[in-house]
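Structure record follows, encoded as structure tokens.
The values are calculated or read from the model by the stated rules, or taken from the named source; none is laboratory data. Worth saying up front: this structure is predicted, and the values here are computed from it rather than measured. Every residue, glycine among them, receives a Cβ derived from its backbone with ideal geometry; neighbour counts consider all protein chains shown.
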Amino acid sequence: MKKGAYDLEAKPESSQQSVPKITKIETQKRKGRYNVYLDGEYAFPVGEGVLIRHALYKGMEISKELQQQLETEDVYSKAYSRALDYLSHQLRSEKEIRDDLRKHEFPFEAVEKVLAQLKEMNYVDDLMYAESYTRTAANLSGKGPYAIRQELKKRGVKETDIEQALLEYPIEQRIENGIQLAEKAIRRAKNQSSRETENKVRQHLAQKGFNGDEITEVMHQLAIEKDEDEEYEALKIQGEKIWRKQAKLVGRAKIQKVKSALYQKGFPGDLINRFINDKEMDEEV
């Protein structure tokens, strides 16, 4: 045999190298988690599901390809468990789950695979989520439909699902909720003029997410206009504050400042003049 040929046959190739074997499977402190050792050295962790599915045991050969598969499946298993835990507290939108998994640094492929499985099992359904959110917001917080729409948008729900979900919030309930919110705003504005009270109520309803037509209907069903005695009592409270604030002024300059401030607050001219006359008489005494 030629020397060259003998040398080639004598050199061991990589195909002849031994495949690592599991020498120990160690339980972690975390329930359902295990550490796998290959040839006496720590190699990778796995969850109980992966361990059972692949029937891992001491002495089992683990190729590089199998190890990579086990590690990939373990990442998916952890992502899936995290998603189920996140869903256990309340319904979530697809975007909320995706954001939570990415926040916990799961890779894109695992996140998308988890979401696909959750949707297939009907654990994630943005329309169902949007309808539930709408009913809850309408019944508990009294929010207007625009506010609900904006919240659902932030949660990644598409427009068609939002439109469908808002059907869970009928116009009658919107007006009823608007009236309740308006009545609270009116009570807070008892020391303000009728005009300023109306403006504040409209502004409050708009901030709560009601549209113009809904606000107009609510205002039609409310008694915001104060009678003359109530209006004057509110004016006196505001007028006294302004009068004290302008203590450094005297005579006509003071009167003009007070009148101007009360006009801006929406009080009628005849009641303002009545208040000024009363103050002038008090100061003459």
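Taking the criterion of being surrounded by 15 or more Cβ atoms within 10 Å (Cβ to Cβ) and among the aliphatic types (A, V, I, L, M), the residues of the range 129-178 that qualify are 130, 137, 138, 147, 148, 152, 157, 162, 165, 166, 175. Take the conditions (1) surrounded by 17 or more Cβ atoms within 10 Å (Cβ to Cβ); (2) over 30 Å from residue 275 (Cβ atoms); (3) among the polar types (S, T, N, Q); residue 192 misses just one of them, which is (2).
Here 250, 218 are screened, and the one residue that is more than 21 Å from residue 129 (Cα to Cα), of a type in the set (Val, Ile, Thr), at pLDDT below 90 and not assigned by TED's automatic domain parsing to the domain that holds residue 96 is 250.
Would you be able to say whether some residue in the range 221-228 is without any contact (Cβ under 8 Å) to a residue 24 or more places away in the chain and under 30 Å from residue 141 (Cβ atoms)? So far as the range 221-228 goes, yes, one or more of its residues are without any contact (Cβ under 8 Å) to a residue 24 or more places away in the chain and under 30 Å from residue 141 (Cβ atoms).
For the range 66-120, a residue qualifies if it is among the small types (Gly, Ala, Ser) and either within 22 Å of the chain's Cα centre (by Cα) or surrounded by 18 or more Cβ atoms within 10 Å (Cβ to Cβ) (or both), and the qualifying residues are 77, 79, 83, 88, 93, 110. Output the residues belonging to the range 179-203 that are assigned to a helix (DSSP H, G or I) and of a type in the set (Lys, Arg). Correct list: 184, 187, 188, 195, 200, 202.
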